[in-house]
Structure formats: C-alpha cells, structure tokens
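All of the numbers you see were taken from the coordinates with simple rules; none came from a lab. Please read all numbers here as calculations on a predicted model, not as lab measurements. With ideal geometry, Cβ positions are generated from the backbone for all residues, glycine too; neighbour counts draw on all protein chains shown.
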Amino acid sequence: MTREAAAWTFVAPALAALGLFFALPVAAALVLSFTDFDIYALADLGNLRFVGLDNYLTLLRTPLFWKALGNTTEFVVLGVPLSIALSLGAALLVNARAARFRAFFRTVYFAPVVTTLVAVALIWRYLFHAQYGLIDWGLGLLGIAPIDWLGDPDWAMPAIVLFAVWKNFGYNMIILLAGLQTIPDELYEAARIDGAGALAQLRHVTLPALAPVLLVVSILTMAGYFQLFAEPYVMTQGGPVQSTTSILYLMVDQGFKFWNLGQASAIAFVLFAILFVLTLAQFALVRRWSRA
Amino acid sequence: MRRAVAVNALLALLGVATLVPLAWMASVSLMAPGEAAHTPPPLWPAHATVANYAALFGQLDMARYLANSLTLAILATLLSLGFNVTAGYAFAKLEFRGRDRLFRLLIAALVIPAQVAMIPLFLLCKELALVNSFVGVLVPNLATVFGIFLVRQYALSIPTEMLEAARVDGAGEWRIFLSIVLPALTPILITLAIFAFVTSWSDFLWPLIILNDADKQTLPVALANLSREHVQDIELMMAGAVVTLVPVLLLFLALQRFYIGGLLAGSVKG
C-alpha cells in the first residue's frame, strides 16, 4: 500500500460520514426548498412538484415569518452585546491582580455552559414565575413591582435573553481570558507611567489588544444566537402571542408539525443566508480593522 | 486596597448569581409536592424528602430515559473518537492529494448551520428505516468538522522525525498510528471524548424529531414532554432537572482541565 493510499484510509470514513449525513442533506435541502414537499409527497413521491421560488415568496408574504425574524433579531441584538459584556466583565475580574480564588470562580462561571439546556430552561421558567418566582421576589425586596416575565409579550423575549446570557457567558469568558493573558505587562506599565487610570488602561490598552478576539467571539456568538430554538420551546412554546417564536421554531413547526418540508427547507436556507451575509460582513470588518 | 475589595466582592456576587438557579433547583427538588408554590417562595424544604425522585423513577420511567441518554452518549463518544481521530491526524501529518484544499473546504462548511441538513436527513433516515432508532440519533454526529479540527491542531505538534524514523524501521502507517500517534494524542482524545459526550447528552432538537416511542426518548426530550404535562409540579420537575444535570456537571468537574483546554485549542489557536 502506498503512503497516499494509506492516508486515504485514515480520512475516508470521516469524509464519507460528512458527505452522506451533512453535505448531501444540505444540497437536498436546497432542492427541497424549490418543491411543494408536504405530507402527500411524504406518502407518495409522485405528488411532488417543483414550484420554483414559491416557498420563498410565500414566506415573504407570511406575517408570522416576519414576526419570527423580528423576534430572533431582538434576541440577537439584545443577547449578543449583553453576553459579551458580561463575559468581558467576568474575564477582567478573574484576571485582575487582586482577584482571589480565580480557579474556583472560573469553574463556577463556566458551569452553566456544560449544563443541559432543556433542564436549565425549566429552572428559569420557574424562576421567572410571576407568583412564585425567585426573580420577582428579589425585585420585590428592591421595591420593584412584579413582572409577568413569560406571560407578557413585551417581557418574554428579554426574559429568554437573561436566561441565555446566564447560560452562555462562561464560554466567551474563557476565550477572552486567554486573550487577556497574552497582553504584555509592559503595555500596562507604560500606560501607568503615562498616568492612565484603570478606565483609561481598559480603553487604550486592553480593548484594542482584545479587538481581534472580540470580533471572533462576536461572530461565533451571533451565529449561535440566531439558532434560537430550545429556550422558547421549553419556556414559552413560542408565545405569548408568538412573541418568542424564532426562525428555527417556525422551521420545526412547519416541518415536523405540519409536514410542509419544502416550506421548512426554505426557512432553513433563509437562516443560512442571513448567517452567511453577517459572517462575511464581520470578516470584512476584521480585515479593515487589521489593515487600519 | 479598596479596589481589591471591590474586585473580590464583584467576583463573589457574580458567583452567587451564577449558582443560585442551580442551588434553588436542588433545594426545590427536595420539597414536598406543592411546597414551592407559595409567596414568598421558600428557599429551603421544611422537611427534605426524596418523594419527587421516587416518583420520577417509580411511576415516570426516569431510569429508562437515563439509560437511553447514557447509552447514546457513550456510543456517540466512541464513534466520534473512531471517525475524527484518524481523520484529524491524517490532515495534520499524512500527505495526500488535495489535502489542504479539502481541509479549507471543511472549515468553510462551518458557516452552514446544522439545522439546514435536518429535514433531508430526516427523509434519508426514513428511507434507511432509521427513524425511531438509536442509529438514527447517532448518524449526524459520527464525524464532525469541529472534532477533526481539534485533533488536527493538536497532532501538528507531533514531531515528523519520529514518524519518519518508524517508517525507516519498516512500520506500516496503521502500526505507527496505533503505537506512536495515539499515545501522543491522549490529552486531546480525552477532550474530544468529553465534548462528544456533553454534546450528545444535551442534544435536543434532533432526538426530538427522530425518536417517536416514549420508551426510546432521551432525558432532555422526556423532560420537555413531562414539563408540558406537569406544569404545576415544580418540585417534580426540579428533581428531573437534577437527574439530567448531575452526570454532566460531575464529568465537567472531574475533567475540566481537558474541557477548558480543548475549548481554547479549538477556538483561539485556529
């Protein structure tokens, strides 16, 4: 056996699995999104018709699609900056010279990341309970009137954002912590000699040095947050009045509740297109940033 | 001095905020049915009881879901090791035509969200009679780009001279892989194993779609279903959450060095 042939025996199983169970389905999804694949086609493929762009045009005319897109955008726009801000804050705290028990706090902050989403979403559903919830009780101690977090269309998505931030901030904290540890002490030393206080050091030393890591983190977080699904599934079932129905929630409903698999594939591709464009835009931003 | 106090106070405050939901879960899971539904919410059980756990494992078949999740997570871990490790090593250290282009293609594929593949994957599983089977649950995660990437980054540090020396001595490629490469890769194998285990354990959408029978369900799917039927039973649901979370939290605490180290290898060095 030549070395080339041997090398192929090492990669072939993985490539075959990825091809059969990822690449092929992705290509098929694109084709499906141009068909009226529904429960009748599921029973007999003879009922399948190509409908061109109909699924996409139908989506554009469906108010619930725009609602889901708006809800998902709200989740991303509120959640990503809040998440990254808390991750950065936690990383700065753990990295601070005065910090004690660093390893302990790092582990504590990271623990929610490894938890099972469905289980912790259940916990938070009760924490947000308008009558028996710990959160409203805590707010009550501060003199704030109770909020019907998950029952009020205006508060349901912010509540899910708070939960998601709690669940996820530890992940980016670890990455930012690694970034912080690569900043040379001399930079801070020089800034101090120039008379920079803590805030000025953060602005002129820490943040510029972290910029590339922050951008990578924001791309990954944004992509993750656009895929919102299990949180509303467990906490609100997409409600109240569809205020937490996300793009993916709509896809699962269309696909596996109503069996409109063609329509659902179109939704999946819209999500993909949005992520693709936003990722390219952020890469372009990185490039401009690093050139400047 | 004042600054040191502020830093440590904030650290502790954030620590409390992070742990309160988990501590509350554990406390409520030990309360008598109905006890948590009071204003103000009780923080401790008046008389701690394991009645909720007894109900979960007695009437609600929790042991079966736990066994299903464990079986699937262990199989997913073994399969992930089997498929990703050889590929990751080959992309790092073996030469074959189109290797670097192929690798770039894999990385580019990371922008495609997994859910795009889900509907055709369901139809494929239906064709192959894999709907409602454990094999159906396992197929999407046999090989993953992330797993291949993780192993490749680590395998790059294996000295090529060591492999060449073995080749000069007449060892075949698989023999070299088993006796030299695998031992050198041990830390990243542990990392990959934890990632695969936790991913499988937490996976929700795909098992929800592909498994129909109640007795085949995984813990997260069963828990989500139970929570719709038992909305009022806060104590029971929190016991279910404890059962779901304890295995992964213990695994994380035992092996966190590998988990966090692997996360850095997979994200920053790239």
### Low-density loop positions, chymotrypsin sites (Phe, Trp or Tyr not before Pro), region A:54-111 - DSSP coil, at most 14 other Cβ in 10 Å
A:Phe101
### Task
For B:Val131, put the label point 7 Å out on the Cα→Cβ axis and report which residues of region B:194-211 keep their amide N under 17 Å from it.
B:206-211
### Task
Return the long-range amide H neighbours of A:Thr35 (sequence gap of 5 or more, or a different chain), with a cut-off of under 5 Å between placed amide H atoms.
A:Val51
### Query
Helix B:99-108 versus the longest principal axis of chain B: what is the Cα-based angle in degrees, 0 to 90, to the nearest 10?
20 degrees
### Task
Could I have the simple spin-label model distance between B:Ala9 and B:Ala54, label points 7 Å from Cα toward Cβ, reported in nm to one decimal?
4.7 nm
### Task
With a point put 7 Å past each Cα toward its Cβ, work out how far A:Leu60 is from B:Leu78 in nm, to one decimal.
5.2 nm
### Backbone HN-Hα couplings from phi across region A:244-257 [Karplus 6.51/-1.76/1.60, Hz, Gly and Pro as x]
10, 6, 9, 4, 5, 4, 5, 4, 5, 4, 4, x, 10, 9
### Message
So if the hydrodynamic radius of region B:1-49 is defined as the Kirkwood radius over C-alpha pairs, what does Stokes-Einstein give as its diffusion coefficient at 37 °C and 0.692 mPa s, in µm² per second?
### Response
260 µm²/s
### Query
At a Förster radius of 22 Å, what calculated FRET efficiency corresponds to the Cβ-Cβ distance of B:Ala32 and B:Glu229, to the nearest 0.05?
0.65
#### Entry: Those trypsin sites (Lys or Arg not before Pro) in region B:55-99 that DSSP places in a loop and that have at most 12 other beta carbons within 10 Å
B:Arg97
### Query
Once Lys and Arg get +1 and Asp and Glu get -1 on their Cβ, which of B:Asn8, A:Tyr188, A:Phe75 lies farthest toward the positive end of the dipole of the protein assembly as shown?
A:Tyr188
### Message
Quick check for me: using +1 on Lys/Arg Cβ and -1 on Asp/Glu Cβ, what's the dipole size of the protein assembly as shown about its Cα centre, in debye to the nearest 20?
### Response
1520 debye
### Task
Determine the calculated [θ] at 222 nm for chain A from helices alone, applying -39500 (n - 2.57) to every DSSP H run no shorter than 4 residues and normalising by the residue count; nearest 500 deg cm²/dmol.
-23000 deg cm²/dmol
### Query
In whole Å, what is the distance between the alpha-carbon centres of region A:1-38 and region A:215-258?
27 Å
### Query
Roughly speaking, what is the stretch gain from B:Ala46 to B:Ala109, that is 0.36 nm per residue apart minus the C-alpha to C-alpha distance, in nm to one decimal?
17.3 nm
### Query
When the convex hull of the Cα atoms of chain A is projected onto a plane and the area is averaged over all directions, what value comes out in nm²?
23.7 nm²
### Message
If you wrap a convex hull around the alpha carbons of the protein assembly as shown, what volume per residue comes out, as a whole number of Å³?
### Response
183 Å³
## Note on the structure
Taking region B:58-267, the whole-percent share of alpha-carbon pairs separated by over 32 angstrom is 28 percent
### Query
Between region B:117-159 and region B:185-220, how many Å separate their Cα centres?
11 Å
### Query
If the cut-off is 19 Å between C-alpha atoms, which lysines fall inside it for B:Lys126, apart from same-chain ones fewer than 8 positions away?
A:Lys257, B:Lys216
## Note on the structure
Treating only Lys and Arg (+1) and Asp and Glu (-1) as charged, each at its beta carbon, one finds that region A:54-291 has a dipole about its Cα centre, in Debye to the nearest 20, of 500 debye
### Query
From the phi of every residue in region B:196-210, what ³J(HN,Hα) in whole Hz does the Karplus formula 6.51 cos²θ - 1.76 cosθ + 1.60 yield, where θ is phi - 60° and glycine or proline is x?
5, 5, 5, 4, 5, 4, 8, 4, 10, 4, 5, x, 4, 7, 8
## Note on the structure
Taking alpha-carbon centroids only, region A:49-113 lies from region B:85-111 a number of Å equal to 30 Å
## Note on the structure
With the 8 Å Cα cutoff and a minimum separation of six or more residues, region A:59-186 has a relative contact order in percent of 37 percent
### Query
Using a simple charge model, +1 on the beta-carbon of Lys and Arg, -1 on the beta-carbon of Asp and Glu, nothing else, what dipole does region A:164-284 show about its Cα centre, in debye to the nearest 20?
340 debye
